[in-house]
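Visitor: Take this structure first; my questions come after.
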Amino acid sequence: MKKLALHTQILIGMTLGLIFGMVCLEFEGLSGFTLDFIKPIGTIFIRSLKMVAVPLVLASLIIGVANIGDVSKLSRMGGKTLGIFVLTTVISITVGLSLVAVMKPGHKLPEETRQNLMSLYDSNAESQISAAEEVKTRGPLQPLIDMVPDNIFFATTQNGRMLQVVFFAILVGVALLQVPKQKGATVLGFFNGINDVIIKIVQYIMLIAPYGVFALIASLIIEIAGDNPEKAWELLYALLWYTITVVIGMFLMMIFVYPILIRYFSKIKYLEFFRGIRPAMLLGFSTSSSTATLPVTMDRVEKQLGVSEEVSSFVLPLGATINMNGTSLYQGVSAIFIAQAMGLELTLSSQITIVLTATLAAVGTAGVPGAGLVMLVIVLEAVGIPAAGIALIMAPERILDMVRTMVNITGDASVAVVVASTEGELDPDFDKKLTTEQSS
Ligand code: ASP
């Protein structure tokens, strides 16, 4: 029998978890059994995701920066590319945060259910409150100071210090560009290897994803519903709003932000752009992996949109590693949704921290399925939202991964067009190629 695709397996896991959770509500003994023996599978799944976060950030970021090539190229094309990456990322998070503030999907949960959730994660909530107290007594430049580790080995032992790891990784990447090539080659090769190994491990973790999701959903339903199944439906209703919020955000990126960028900086019409990269977008949607889609993205951008090979081979691999607009939007919305659902108040400075950490977390997100969820943990921990809250958003995760990957790829291709156009590296006859291709 043909093996089911992973996303189908996960969808089945989710559905069965939902049904099983509902059944447990009818039989008291079964609930206890589920919490004792099934829930741990979900906990192991989440812990495994957290386990790979630090090495994943370290390796993928170091090779992402070092891939820029040499220092003069880094300062010109690199500066421009990174600038647009940061700009589109910040725009995407801002779009996400604005939408979630307006639509308030987490508030779709009634106060009572929220209280229930809060008490589930009580100890975390307490530490959140004391952390908030601590923040009040800090100086204005403390976030900058906090970015710099005083001991990198210590920083790598704590997921909560990921910003410090990111800071160090960028420095290593830049330094690698400046040391003699043959000396740097070993280090670069090492991190390239680590990156591949971690991506493999993420694939292993994804093997238990259907079971992890089943366990998480089933135990979540039991814990939230308590004696009242009505509450489980309320959670699902809130989740639907959350999914709609993320998808609307992605849609706004595709129909406003990228078209404006492309129109302003190039002669390509958005519809032509869209037609040119459509196969790459579809592949991104079905594989949930920017990395897997990269060869097709490069091919389409060069052959259909007329971007030179030099620009495409520089911007796109870098983009597939560090430019994740869909992911950052998703992380921003998810962090606020979880906070809203748990009834946690986020101050303005927490929201700014979310913009900063989601920008950096998206940079550190590998272009593989589910990586954005791993990195979400970092955003949550940075603002003191209990990481266990990701259990809340596991249900629509797979669908949102597909959609956000599609946006990630569209973002990379848009930046490639803009850089090529401003560098004079865009073939003016691209539209002829497009027409020839379509009629053939
Ligand atoms: N799957 C996404 C990508 O490959 C990353 C993510 O999980 O957000 O672009």
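Derivation of every value follows stated rules applied to the coordinates shown; laboratory data play no part. No experiment lies behind these values; they were computed from the predicted model shown. When we count neighbours, we look across all protein chains shown, and the Cβ atoms used for this are built from the backbone with ideal geometry, even at glycine.
Visitor: Please compute the alpha carbon radius of gyration of region 336-392, then divide it by the globular-protein estimate 2.2 N^0.38 Å. Two decimals is fine. Don't skip to the answer; put the middle values down first.
Guide: Values: Rg = 11.2 Å, N = 57, 2.2 N^0.38 = 10.2 Å.
Taking N as the residue count of region 336-392, the ratio is 1.09.
Visitor: For q values of 0.12, 0.14 Å⁻¹, compute log₁₀ I(q)/I(0) with the Debye formula on a Cα-only model of region 244-336, without solvent.
Guide: -0.40, -0.55
Visitor: Using only alpha-carbon positions, what ratio does the radius of gyration of region 297-440 give when scaled by 2.2 N^0.38 Å? Walk me through the numbers on the way to the answer.
Guide: Numbers: Rg = 18.4 Å, N = 144, 2.2 N^0.38 = 14.5 Å.
Cα Rg divided by the expected 2.2 N^0.38 Å: 1.26.
Visitor: Here's a follow-up. At a Förster distance of 51 Å, what's the computed FRET efficiency of LYS200 paired with ARG76, Cβ-Cβ distance as r, to 0.05?
Guide: Values: r = 35 Å, r/R0 = 0.69.
Efficiency, rounded to the nearest 0.05: 0.90.
Visitor: Can you tally the net charge around ILE201? Count Lys and Arg as +1, Asp and Glu as -1, for every other residue whose Cβ sits under 14 Å from the Cβ of ILE201.
Guide: Numbers: positive: ARG47, LYS50, LYS200; negative: ASP196.
Local charge sum for ILE201: +2.
Visitor: Oh, and also: Starting at 0 and stepping by 10 Å, how many percent of the alpha carbon pairs of region 151-190 end up in each bin?
Guide: 29, 41, 28, 3
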